[in-house]
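In what follows, a single structure is set out as structure tokens and then discussed.
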Amino acid sequence: MSQEEAMERRLKLFRSELKVINVGLETFYKDLARQGVKVVHVRWSPPPKLEKELEEALDKLL
Amino acid sequence: MSIVRNLVKRNFFRDSLQLMQLSEEAKKLPGVVDAAIVMGTDTNKELLERLGLLTDEGASASENDMILAVRVEDEARVDEVLQEIESLVLKPPEEAEVREEEYYSVESALESMPDANLAVVSVPGEYARDVAMKFLEHGVHVHLFSDHVPIEHEVELKRYASSRGLFVLGPGAGTSIINGKAIAFANSVRRGPVGIVAAAGTGLQEVSVLLDSVGLGVSQGLGIGGNDVKKEVGGIMARDSILALERDPKTKLIMIVSKPPDKEVLDRLTQVVGEGKKTYVACFLGKTVYRPPKRLSMRIYPARSLHKAVLQAVKLLRPKKLPTARKKISMKLSELRSLSLKLSKKLAPRQRYIRALYTGGTLMYESLLIYRQLVGGVYSNAPLDERYRLPDPFKSMRHSVIDLGEEVFTAGRPHPMIDPTLRKLRIVEEAGDPEVAVITLDFVLGYGAHPDPVGATLDAIEEARERAAEDGREIIFMAHVCGTRRDPQGLREQEAKLRKAGVVTFPTNALMAFASALVVKKGKIRSDKLRKAYKEFIEV
């Protein structure tokens, strides 16, 4: 991507209607919805600890 | 005879807001005197101890465990009550409220909203990179609220984003205002000609509400996270934000709010500004005075306080409105003097210390800079000078300025802007110290914050007053409400409640710090020193 294209992408955000995906604290989702922002919420929870440790162990092995 | 009991649920997670709500529900159960449901961090265990709610069982919990703590009237009921609390906790959060627009993975949310242009991410810091990267790979800008994000993750995310024309606002970005919408902790601010780049969350809130108050308003408010201006990150997003605001037709003036950037970052940003055309107000909150290079002195206007930055913007954009703006958000030195003198007459000779209890980190920092010049050494849990670090952040000494949003107070707890519990305890504690003269408080309104922060704190102020009165003393309470009339809590309503309770309110944090210093000094500050500080922090 050229610098000019990158800049255009940033400026496009300022010109566009916000469409938001909220991940984590639900209160931010509610506050955005209250302001009339189009928003969806992702109910996030941490991946199970054991899996993460296993994953890391596997990463090391592979 | 009431009895306290703890139940520990090992490896059990709920986020701090859910826990706060659960605690409130538990307190309402029949027979319950007090209850708290918290993750077993050291801060929370300390809090439980202070509340008289910690037992050996609770003390054994680790930060991955949840503690259910309860005090009940009737010992015979204790097991039953604990069971009821446990079932509250085990109930899936808000199970009744399953909505169409709710998803369980980032991928499914992206599928449902393929034209999403912003993600607001507030997962624990260790997971933030993975979540944020998924959005960047889909061309979505990210506001990253999470803190404790390793700096190498921040650099990786920002480099990736920058090369693709995407913003990563944060990590630890409490506040942004994009296209007039408040993201995370932000206020309802009118749109206007000032674009803000802030590496300081409540700094952005304070300048944006003041810009609103003086009739200017904000085009975009981009919170880039405190680490962005450190050399490890190299100001990647500060630079991208400045470049974008230079090109944004709605932005006439760019305001930068930050602690002083590292030298190499400052040099780099100065170069970027040099290549631009717009006018800047540089509010670098630090011990040293920032002076822009000579060739840019007609484009970069430094300001040593948030208060001054806003008046400077008025002077540059609407010079004719400056007198009105001064009336609205400032005070003359003579006014500050006479108010302070009047207030200090209420004090006994022993009462000579300030206790400033902040929820907003940047507001705390701004006050430290003012106190440093007017009262000298001030203790803090986040001091300007390590010599003045409080040995125990839970215990004030002499002049103390506390940032209750610091990690020691927030690990496993909601931020004090949401949960007033810790500050309320502290207010009452401070009032027990016969040498305390002034207690200052900030109340941050807006989205994300407590629905009625003043109302939730008034009983503690009342209790503190009674405590002092028993001892024949009066404590002076001062407050600054950082908010606008359009905020959900309403600036006017919140200020009115404070005044009704006898609290002296100030339109800016800098004025409150200035006035409280004058009160404890009881008029004994050399007038040249006083005028110098007024000029540096207040006057435009």
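Annotations for the structure displayed:
- Each Lys and Arg Cβ is given +1 and each Asp and Glu Cβ -1; about its Cα centre, the protein assembly as shown then shows a dipole of about 5020 debye.
- The separation of the stretch B:45-83 from the stretch B:486-507, counted between C-alpha centres, amounts to 36 Å.
- Listed residue (B:187, B:143, A:33) projecting farthest to the positive dipole end of the protein assembly as shown, Cβ model: B:187
- Sulfur and carbon atoms: percent of accessible area, the stretch B:1-102 [1.4 Å]: 47
- Accessible-area composition of the stretch B:436-540, carbon plus sulfur, in percent [1.4 Å probe]: 46
- Taking the stretch B:333-537 and dividing mean pair separation by its residue count, relative contact order in percent (alpha carbons under 8 Å, at least six apart): 28
- Full extension of the segment from residue B:397 to residue B:115, taken as 0.36 nm per residue of separation minus the current Cα-Cα distance, would add 96.1 nm.
- Couplings 3J(HN,Hα) of the stretch B:9-22, computed from phi: 9, 6, 6, 10, 10, 9, 6, 5, 6, 4, 5, 5, 5, 4 Hz, in residue order, whole Hz [Karplus 6.51 cos²θ - 1.76 cosθ + 1.60, θ = phi - 60°; x for Gly and Pro].
- Where the alpha-carbon atoms of the stretch B:333-537 are placed on the principal axes, they occupy 42, 39, 36 Å, in descending order.
- Placing one equal scatterer on every Cα of chain B and applying the Debye formula, the log10 ratio I(q)/I(0) at q = 0.06, 0.07, 0.08 Å⁻¹ is -0.30, -0.41, -0.54.
- Value of D in µm² per second that Stokes-Einstein yields for the stretch B:116-207, Kirkwood Rh from Cα pairs, at 10 °C (1.306 mPa s): 118
- At R0 = 35 Å, FRET efficiency that the Cβ-Cβ distance of residue B:295 and residue A:12 yields, to 0.05: 0.60
- Model label points for residue B:42 and residue A:34, set 7 angstrom from Cα along the Cα-to-Cβ axis, are 3.5 nm apart.
- Shape of chain A, Cα gyration tensor, a/c cut at 1.5: oblate
- Diffusion of the stretch B:106-329 by Stokes-Einstein, at 25 °C in a medium of 0.890 mPa s and with Rh set to the Kirkwood radius over alpha-carbon pairs, works out to 140 µm²/s.
- Other protein chain Cβ atoms within 10 Å, averaged over every residue that makes up B:242-251: 3
- Normalised by 2.2 N^0.38 Å, where N counts its residues, the alpha-carbon radius of gyration of the protein assembly as shown equals 0.97.
- Size descriptors for the stretch B:243-298, from the alpha-carbon set: Rg then Dmax equal 11.4, 34 Å.
- 5 angstrom amide H check on residue B:440, placed H, neighbours 5+ away: B:355, B:356, B:357, B:478
- Under a 5 Å amide H cut-off, with hydrogens placed 1.01 Å from N, residue B:191 pairs with B:218 among residues at least 5 apart or on other chains.
- Packing rank of B:361-370, B:108-117, where each peptide gets the mean count of other beta carbons within 10 Å, highest leading: B:361-370, B:108-117
- Using a Förster distance of 30 Å, the FRET efficiency for residue B:28-residue B:64 (Cβ separation, nearest 0.05): 0.60
- Here the accessible area of the stretch B:106-329 is 51 percent carbon and sulfur, with a 1.4 angstrom probe and all protein chains present.
- Per-residue 3J(HN,Hα) values for the stretch B:109-119, derived from phi via the Karplus relation 6.51 cos²θ - 1.76 cosθ + 1.60 with θ = phi - 60°, read 5, 5, 5, 6, 10, x, 9, 4, 10, 8, 10 Hz in sequence order (x marks Gly and Pro).
- Dipole-positive endmost among B:347, B:456, B:112 within the protein assembly as shown (Cβ charges, Cα centre): B:347
- Mean Cα-pair separation over length for the stretch B:106-329, i.e. relative contact order, pairs under 8 Å, 6 or more apart, %: 15
- The mean count of C-beta atoms from other chains within 10 Å of the C-beta of residues in B:174-184, rounded to a whole number, is 4.
- Per-residue [θ]222 nm for chain B (sum of -39500 (n - 2.57) over DSSP H runs n ≥ 4, rounded to 500): -12000 deg cm²/dmol
- Per residue, the protein assembly as shown exposes 43 Å² of accessible surface when a 1.4 Å probe is rolled over the protein heavy atoms with every protein chain present.
- Value of Rg/Rh across the stretch B:3-90 [Cα atoms, Kirkwood radius]: 0.92
- Förster radius 60 Å - calculated FRET efficiency between residue B:499 and residue A:57 (Cβ-Cβ, nearest 0.05): 0.50
- Lysine pair number, Cα distance threshold 24 Å (strictly under), chain A, separation 8 or more or different chains: 6
- Accessible area buried, both sides summed, chains A and B with 1.4 Å probe, Å²: 4600
- Note that the stretch B:282-294 has calculated 3J(HN,Hα) couplings of 9, 9, 9, 7, x, 5, 8, 7, 7, 10, x, x, 3 Hz, one per residue in order, obtained from phi through the Karplus relation 6.51 cos²θ - 1.76 cosθ + 1.60 (θ = phi - 60°); glycine and proline are x.
The values are calculated or read from the model by the stated rules, or taken from the named source; none is laboratory data. Since the structure is predicted, the reported quantities are computational estimates derived from the model, not experimental observations. Don't worry about glycine lacking a Cβ; one is built from the backbone with ideal geometry, like all the others, and counts go over all protein chains shown. Each accessible area value is taken on the protein alone, full model and side chains, heavy atoms only, with ligands, DNA and RNA left out. Shrake-Rupley method; radii C 1.70, N 1.55, O 1.52, S 1.80 Å.
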